[in-house]
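Heads up, the thing below is written out as structure tokens.
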């Protein structure tokens with residue numbers, strides 16, 4: 001499990017887990033679960049497209065994720081109709097499917113993009129992934145205060161002169177980058193589970209923002225490490241474990257939260 | 001017309017079966033979809049697709065016709081959603097998203113096992129992105145019977161369903177059993193998701209279910225006229241998709257046909273965009289005013 | 001509160017006696033006594049949260065009572081009583097919903113029926129007539145979600161009246177209307193109710209717009225009610241007893257104002273009037 005060819009899996013998994021724990025925390029805080037669900041679909045089409053024209057998949061992932069994020073940002077001021085968004089998201093998936101059909105990819109490649117692959121990041125990509133992840137975390141730290149402020153009290157933030165649009169777009173770009181890095185490992189369909197499950201559980205377990213953020217990172221790391229281990233041990237797709245662990249974690253937090261609420265009333 | 005209808009299109013049994021199945025699935029999806037859009041349950045329809053995917057993948061693994069898995073998974077999902085009372089849940093609900101993630105994980109497992117345990121390939125494309133050209137003629141009776149049952153059920157509950165979609169309170173005071181009607185509708189929705197899934201795949205089935213009805217409802221004020229237009233749009237997109245996918249084999253030098261689902265989804269999106277523009281033009285109001293008035297329409301993800 | 005007018009009369013269609021309602025163990029209304037006679041126009045007056053909607057739910061058979069009786073024509077309430085029409089407080093119609101005002105009225109006829117029988121000529125004529133009666137001809141073919149509050153109110157009244165109920169309940173129909181539209185709705189309601197011989201029970205937090213048409217008033221406060229004609233109920237002694245502290249009733253320019261006084265007088269006020277009986 002810890003042999004040399006698995007080193008990349010553990011390293012990239014760790015980077016992605018920390019990233020998902022941090023960025024996901026703000027996704028939950030800002031109720032941006034829509035974006036967290038939509039951007040991976042765009043990333044999927046991007047990776048498939050890059051495959052088709054023979055580019056580095058990371059390039060396709062990032063460029064399409066950013067396009068998806070910016071179009072969400074552009075339409076979010078006008079409240080969107082759910083049908084329009086649902087259709088455009090489905091269209092992105094269909095586009096990805098078409099790209100994959102055109103390229104000479106075989107089924108494992110499609111499965112890997114959709115449901116994840118522990119060996120999804122090669123040695124040559126490890127450095128760019130690490131650098132981009134650091135960039136995301138630094139950006140989040142820089143944005144921390146306005147991000148929390150505009151999430152919790154948008155009116156007050158506006159009154160204080162915080163540029164909500166700038167904060168929103170910056171955040172979406174960070175989310176796009178984080179998604180592009182996460183998709184190759186846990187898959188386009190399960191990136192949402194990793195980005196939302198641990199942070200949502202953490203938020204239920206702790207009221208203190210900093211502690212919840214730490215907990216969110218811890219839970220994301222636990223999810224990813226356990227998923228990599230299980231995936232390796234049982235030779236099953238990592239997406240299955242990420243989806244299951246994410247849901248179990250969240251439901252446990254939910255139960256514990258409800259119990260505490262009952263106790264505090266009694 | 002040779003540029004559109006490539007040689008052998010209509011003499012081909014596979015294509016004929018595909019056109020027939022596509023017709024039936026588009027018809028049922030459009031009728032059920034009109035109520036789905038009206039009830040603001042497009043998210044429920046979407047949530048069902050995640051469960052139906054797991055069902056379809058499981059059926060493939062077990063060697064059963066995918067339609068059985070799609071419909072079975074969907075109906076189970078509808079029952080579960082009713083049991084925990086999330087029929088009207090909206091897309092921003094994090095809890096539902098996380099729980100549905102587990103269903104997606106299960107699909108991953110089933111598809112992986114199908115790929116490794118059997119010699120058959122293409123399970124992923126077939127379940128997720130559909131492959132109407134592989135539908136066996138023997139599946140036709142199942143499709144026809146399911147569709148008949150769904151359409152009759154919808155006709156039976158149409159008026160109470162309409163009233164309770166309009167206002168649960170009004171329906172309840174008129175003696176409509178709102179919960180029963182809602183549950184029956186959810187089951188028909190699950191079956192439609194299954195039918196749509198065999199045409200364009202389970203994770204894309206939302207398109208056929210929601211797209212044509214949403215387009216039609218933009219431009220008409222009469223409910224049944226809207227349903228009729230939705231049926232025409234749905235069948236149009238499906239048939240055009242099948243024909244284009246068949247033709248694409250000849251367009252592309254490498255002779256790799258593009259998937260039917262891609263074309264169907266693309267046509268559905270084009271129809272929707274067209275009708276949205278018509279809708280805005282007709283109102284003569286700025287787009288923002290219309291969107292503001294629909295502020296209570298929640299967003300859904302995926 | 002028992003007054004002479006609330007003695008049972010043979011024409012009563014609704015009779016509420018000693019009723020108590022609780023939600024999650026909390027008593028919302030208790031000792032509720034009132035009656036509604038055929039074709040009477042009754043105002044159900046009380047501030048927000050005083051339990052008016054709860055009372056409607058009880059009358060509609062949608063909420064159980066803890067004690068007392070509610071009878072319709074001397075019979076216990078049935079859950080699906082189509083002789084009672086209802087216009088809910090706020091119905092948020094989606095403007096995207098392709099349902100015309102006319103269709104909403106039609107659903108008043110057959111919205112509870114299963115199957116798709118064709119509407120007969122007589123029913124279609126009836127729908128036309130009802131649309132005209134509520135002055136909705138002009139917007140009968142527009143989507144309900146696009147209509148103004150007052151227009152929606154009129155369509156909802158037509159929807160409720162078309163099944164020929166004997167009693168029509170309206171929950172705060174004036175709440176979101178400007179004074180002009182409110183006057184219009186009241187006038188229209190009084191007219192169609194008289195024409196169709198329907199009794200009306202209308203809830204509002206302000207009684208003045210209703211004064212010209214109201215036969216009786218049911219006044220809710222403090223979880224209890226006082227009922228009778230306006231003159232019987234809207235009096236300082238009756239309302240003070242109901243509120244549990246002193247209130248004054250002022251009549252100015254044909255309008256009624258209920259004004260609370262400072263609190264330490266209250267207890268004295270009630271205790272000095274042992275003849276004011278509040279159940």
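The values are calculated or read from the model by the stated rules, or taken from the named source; none is laboratory data. Here the structure is a predicted model, which means the values were calculated and not measured. Note: ideal-geometry Cβ built from the backbone for every residue, glycine included; neighbour counts use all protein chains shown.
Inside segment C:89-104, can you point out the residues that are touching a helix residue (DSSP H, G or I) at 6+ places or on another chain (Cβ under 8 Å) and more than 9 Å from every other protein chain (Cβ to nearest Cβ)?
C:101, C:102
Kindly indicate which of B:135, B:142, B:150 is touching a residue at least 12 places away in the same chain (Cβ under 8 Å), surrounded by fewer than 18 Cβ atoms within 10 Å (Cβ to Cβ) and away from every other protein chain (no Cβ under 11 Å).
Numbers: B:135 fails: surrounded by fewer than 18 Cβ atoms within 10 Å (Cβ to Cβ); B:150 fails: surrounded by fewer than 18 Cβ atoms within 10 Å (Cβ to Cβ).
After applying the criteria, what remains is B:142.
When you check residue C:216 against the structure, is it away from chain B (no Cβ under 12 Å), buried (at least 17 other Cβ atoms within 10 Å of the Cβ) and touching a helix residue (DSSP H, G or I) at 6+ places or on another chain (Cβ under 9 Å), yes or no?
The answer is yes for residue C:216.
Taking the options B:230, B:155, name whichever one is at pLDDT 90 or above and within 9 Å of chain C (Cβ to nearest Cβ).
So the residue among B:230, B:155 that is at pLDDT 90 or above and within 9 Å of chain C (Cβ to nearest Cβ) is B:155.
Among (1) over 24 Å from residue A:83 (Cα atoms); (2) surrounded by fewer than 24 Cβ atoms within 10 Å (Cβ to Cβ); (3) within 14 Å of another protein chain (Cβ to nearest Cβ), which single condition is residue B:64 missing?
Condition not satisfied by residue B:64: (3).
Which number in (1) within 13 Å of another protein chain (Cβ to nearest Cβ); (2) over 30 Å from residue A:96 (Cβ atoms); (3) at pLDDT 90 or above marks the one condition that residue A:255 misses?
The one condition residue A:255 does not meet is (3).
When you look at residue C:70, is it more than 8 Å from chain B (Cβ to nearest Cβ) and in contact with a helix residue (DSSP H, G or I) (Cβ under 9 Å, 6 or more places away or on another chain), yes or no?
Against the criterion (more than 8 Å from chain B (Cβ to nearest Cβ) and in contact with a helix residue (DSSP H, G or I) (Cβ under 9 Å, 6 or more places away or on another chain)), residue C:70 qualifies.
Kindly indicate whether any position in segment A:8-21 is at negative phi, in a helix (DSSP H, G or I), within 14 Å of chain B (Cβ to nearest Cβ) and crowded, with 24+ Cβ neighbours inside 10 Å. Before the answer, list the steps.
At the first step, the residues of segment A:8-21 found to be at negative phi are A:8-21.
This time we only want the ones that are in a helix (DSSP H, G or I), so: A:8-21.
Of the ones still in play, those that are also within 14 Å of chain B (Cβ to nearest Cβ) are A:20.
Next, only the ones that are crowded, with 24+ Cβ neighbours inside 10 Å stay: A:20.
Among the residues of segment A:8-21, at least one is at negative phi, in a helix (DSSP H, G or I), within 14 Å of chain B (Cβ to nearest Cβ) and crowded, with 24+ Cβ neighbours inside 10 Å, which makes the answer yes.
Somewhere in segment C:78-88, is a residue more than 9 Å from chain B (Cβ to nearest Cβ) and buried (at least 21 other Cβ atoms within 10 Å of the Cβ)?
No, because not a single residue in segment C:78-88 is more than 9 Å from chain B (Cβ to nearest Cβ) and buried (at least 21 other Cβ atoms within 10 Å of the Cβ).
Among (1) within 15 Å of the chain's Cα centre (by Cα); (2) within 14 Å of chain C (Cβ to nearest Cβ), there is one condition residue B:189 misses while meeting the rest; what is its number?
(2)
Check residue C:146 against each of (1) within 17 Å of the chain's Cα centre (by Cα); (2) at pLDDT below 90; (3) surrounded by fewer than 22 Cβ atoms within 10 Å (Cβ to Cβ) and name the one condition it does not meet.
All conditions are met except number (1).
Can you find a residue that is assigned to a helix (DSSP H, G or I) and over 25 Å from residue C:98 (Cβ atoms) anywhere in segment B:203-223? Don't jump to the end; show me each part of the working.
Of all residues in segment B:203-223, those assigned to a helix (DSSP H, G or I) come to B:203-219, B:223.
This time we only want the ones that are over 25 Å from residue C:98 (Cβ atoms), so: B:203-204.
Yes, segment B:203-223 has at least one match.
Of everything in segment B:114-133, what is under 18 Å from residue B:58 (Cβ atoms), assigned to a helix (DSSP H, G or I) and modelled with pLDDT of 80 or more? Give them in sequence order.
Initially, segment B:114-133 is screened for residues under 18 Å from residue B:58 (Cβ atoms), giving B:114-118, B:120-131.
Remaining after also requiring assigned to a helix (DSSP H, G or I): B:114-117, B:123-128.
Correct list: B:114, B:127, B:128.
Could you tell me whether residue C:228 is modelled with pLDDT of 85 or more and touching a helix residue (DSSP H, G or I) at 6+ places or on another chain (Cβ under 9 Å)?
When the stated conditions are applied, residue C:228 passes them.
Yes or no: segment A:74-93 includes at least one residue that is away from chain B (no Cβ under 11 Å) and either modelled with pLDDT of 85 or more or touching a helix residue (DSSP H, G or I) at 6+ places or on another chain (Cβ under 6 Å) (or both).
No, segment A:74-93 contains no residue that is away from chain B (no Cβ under 11 Å) and either modelled with pLDDT of 85 or more or touching a helix residue (DSSP H, G or I) at 6+ places or on another chain (Cβ under 6 Å) (or both).
If you take the residues of segment C:105-123 that are touching a residue at least 12 places away in the same chain (Cβ under 8 Å) and more than 7 Å from chain B (Cβ to nearest Cβ), which of them is surrounded by the fewest Cβ atoms within 10 Å (Cβ to Cβ)?
Among those that are touching a residue at least 12 places away in the same chain (Cβ under 8 Å) and more than 7 Å from chain B (Cβ to nearest Cβ), it is C:119.
For segment C:61-73, name all the residues that are part of a loop (DSSP other than H, G, I, E, B) and either touching a residue at least 60 places away in the same chain (Cβ under 8 Å) or touching a strand residue (DSSP E or B) at 6+ places or on another chain (Cβ under 7 Å) (or both).
C:63, C:65, C:66, C:73
Which one of these is in contact with a helix residue (DSSP H, G or I) (Cβ under 7 Å, 6 or more places away or on another chain) and modelled with pLDDT of 80 or more: B:89, B:99, B:64, B:51?
On the way: B:89 fails: modelled with pLDDT of 80 or more; B:99 fails: modelled with pLDDT of 80 or more; B:64 fails: in contact with a helix residue (DSSP H, G or I) (Cβ under 7 Å, 6 or more places away or on another chain).
Sole residue among the options that is in contact with a helix residue (DSSP H, G or I) (Cβ under 7 Å, 6 or more places away or on another chain) and modelled with pLDDT of 80 or more: B:51.
Determine whether residue C:246 is surrounded by 20 or more Cβ atoms within 10 Å (Cβ to Cβ) and either more than 24 Å from residue C:166 (Cα to Cα) or at pLDDT below 85 (or both).
yes
Do we find a residue being within 14 Å of chain C (Cβ to nearest Cβ), in a helix (DSSP H, G or I) and crowded, with 24+ Cβ neighbours inside 10 Å anywhere in segment B:172-180?
There is at least one residue in segment B:172-180 that is within 14 Å of chain C (Cβ to nearest Cβ), in a helix (DSSP H, G or I) and crowded, with 24+ Cβ neighbours inside 10 Å.
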